[in-house]
Each structure stands twice: as C-alpha cells, then as structure tokens.
Amino acid sequence: MSAASAASADLYDVIARRRDVRAEFSGAPLDTGVLDRVLGAAHAAPSVGNSQPWDFVLVRDPATHDRFQEHVATERATYAASLPADRRARFERIKVEGIRESGLGVVVTYDPDRGGPQVLGRHAIDDAGLYSTCLAIQNLWLAATAEGVGVGWVSFYREEFLRDLLGIPERIRPIAWLCVGPTTHLEDVPDLVRHGWRRGRPVAEAVHHEKFGGK
Ligand SMILES: Cc1cc2nc3c(=O)[nH]c(=O)nc-3n(C[C@H](O)[C@H](O)[C@H](O)COP(=O)(O)O)c2cc1C
C-alpha cells in the first residue's frame with residue numbers, strides 16, 4: 001500500500017470508529033497538547049468566505065458542569081413527556097450526556113457577523129455560516145477520535161440558558177456543548193442502535209440519480 005493510500009485508509013478507519021460518547025469517559029485528564037491539536041483541526045475547517053465564524057469556549061469548572069447538567073436533565077424530562085409510553089420506557093434507558101464524567105465541555109458558538117456584512121458565498125444562503133461551524137465540529141470530532149479522545153454532542157438545552165451560563169452575547173448562537181475527554185473504549189455500534197431506538201439506513205437509500213427520488 002502506498003503512503004497516500006495508507007493515510008486515506010487511516011481516515012476511513014477514524015470515520016468508522018467515531019462514536020457519540022456518553023458512558024465511556026474514563027475521567028482521566030485530557031493532555032493539553034492533544035487538546036491544542038484537536039482545536040487546531042477544528043479551526044482548519046472550510047468556511048464560507050473564509051469567515052471562520054466559530055469560537056470554542058472551554059468549560060472546566062465543575063460548578064458550571066453541574067448547572068448545565070441540571071438544565072439538561074430538565075430538558076430531557078420535557079422531551080420524555082412528549083413521547084408515547086412505549087417510546088418513553090425505551091428512552092429512559094438511554095444516556096444522553098456525559099457532562100460531568102468527561103471533565104471538559106467545549107462549547108462551539110457561531111458568530112453571524114464574523115467576516116463583515118458581505119461574506120463571499122453567503123449572500124443567497126445565510127445558513128452557510130452555520131454549516132461552516134458544523135464542519136468545524138466534525139473536524140474536531142474526527143481529530144479527537146484519531147487521538148483516542150471521545151466526544152459527545154449535547155443538544156438537550158435552551159440557547160438562552162447556555163448564553164446566560166457562559167456570558168455569550170445575544171447575537172452569538174451556541175451551536176453545541178461537546179463533552180470531550182479520554183475514554184475507556186469506543187462502542188462499535190451507536191447507542192441509539194444498541195438500544196433499539198433508531199437504526200441507520202443504507203447509503204444507497206440516500207443516493208439519488210439526476211432528480212430527487214431518481215433510481
Ligand atoms: C446535531 C447533533 C445533536 C446531537 N445531540 C445529542 C444529544 O443531545 N445527546 C446525545 O446523547 N447524542 C446526541 N447526538 C448524537 C447522535 O445521537 C449520534 O450521532 C447518532 O445516534 C449516531 O451515533 P454515532 O455518532 O455514535 O455514530 C447528536 C448528534 C448531532 C449531530
């Protein structure tokens with residue numbers, strides 16, 4: 001195998017091994033050199049008009065973790081109450097966050113004003129800035145996986161709560177609370193599949209030819 005194809009095999013391997021981590025954080029501290037590399041990978045993401053509209057708030061204070069975890073528990077209960085009884089019973093068995101256990105929250109935010117009023121490529125699709133921020137998150141997630149570090153995306157929160165908690169200005173959107181930390185292992189199968197919540201679909205079902213719906 002050539003060096004180039006070995007490197008791409010590594011990339012596919014990382015993509016396949018990446019998991020959303022909730023229960024597998026080991027509680028060990030995260031090496032600062034590793035964190036710097038992972039954040040560097042996130043910051044290397046493509047962005048509309050090269051606007052780099054993201055920021056990363058590193059949250060280590062256990063008191064802040066506690067306050068956020070309590071809020072997430074409330075939102076979890078709100079969601080659970082919306083489910084029919086059989087789905088609620090299944091949902092009760094699923095862990096949706098590892099806020100305290102991970103030891104580090106990386107809150108990724110989106111600044112719609114970054115890059116000025118005429119961001120190249122955003123004049124017709126305002127959401128392109130948001131898409132860019134999600135690409136930074138995916139880079140972070142894959143780099144962390146390559147480093148043997150787990151990431152879990154938490155979205156059971158209200159944006160106003162997280163803004164207040166972290167002093168995020170009104171015009172800036174919190175996009176994700178990422179639980180980041182060393183793990184004992186990564187599961188082979190996603191939690192939602194293992195718990196019978198929802199299976200994935202084959203890639204062929206997502207591919208269309210010439211027109212949407214085209215076989
Ligand atoms: C935008 C987004 C929000 C998510 N929010 C949560 C969440 O709040 N809690 C959780 O446990 N997982 C969350 N996840 C993880 C998904 O459940 C997970 O990616 C999916 O089930 C596939 O599993 P895998 O990432 O291990 O392959 C989120 C993922 C994304 C992309």
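Just so it is clear, none of the values below were taken in a lab; they were calculated from the coordinates. Worth saying up front: this structure is predicted, and the values here are computed from it rather than measured. Note that we place each Cβ from the backbone using ideal geometry, even for glycine, and neighbour counts take in every protein chain shown.
A Förster radius of 25 Å, combined with the Cβ-Cβ distance separating residue 193 from residue 5, puts the computed FRET efficiency at roughly 0.25. Over the C-alpha atoms of segment 28-109, the Rg to Rh ratio, Rh being the Kirkwood estimate, stands at 1.09.
How would you classify segment 145-215 from its alpha-carbon gyration tensor, with a ≥ b ≥ c the square roots of the eigenvalues: rounded for a/c under 1.5, else prolate if a/b is greater than b/c, otherwise oblate?
On the way: a/c = 2.48, a/b = 1.39, b/c = 1.79.
Judged from the Cα gyration tensor, segment 145-215 comes out oblate (a/c at least 1.5, b/c at or above a/b).
Extension gain for the segment residue 135 to residue 12, taken as residue separation times 0.36 nm less the Cα-Cα distance, is 42.6 nm to one decimal. One chain, two ends: residue 94 and residue 43. Fully extended at 0.36 nm per residue, the span grows by 15.2 nm beyond their Cα-Cα distance. Reducing segment 10-79 and segment 109-179 to their Cα centroids gives an inter-centroid distance of 11 Å.
Taking the mean number of other Cβ atoms within 10 Å as a proxy for protection, how do you rank 82-89, 31-38, 19-26, 166-173 from highest to lowest? Please report the intermediate quantities before stating the final value.
Numbers: 82-89: 10.0, 31-38: 14.4, 19-26: 19.8, 166-173: 12.6.
Ranking the peptides 82-89, 31-38, 19-26, 166-173 by packing returns 19-26, 31-38, 166-173, 82-89.
Computed from phi, the 3J(HN,Hα) profile of segment 199-209 under the Karplus parametrisation 6.51, -1.76, 1.60 (θ = phi - 60°) reads 8, x, 10, x, 4, 4, 6, 8, 9, 10, 10 Hz, with x in place of Gly and Pro. Considering segment 111-156 at the alpha-carbon level, its Rg and Dmax are found to be 13.9, 40 Å.
Principal axis extents of the Cα atoms in the chain, from largest to smallest and rounded to whole angstrom, are 42, 42, 41. Taken along the Cα-to-beta-carbon direction at a fixed 7 Å, the label points for residue 58 and residue 81 span 3.8 nm.
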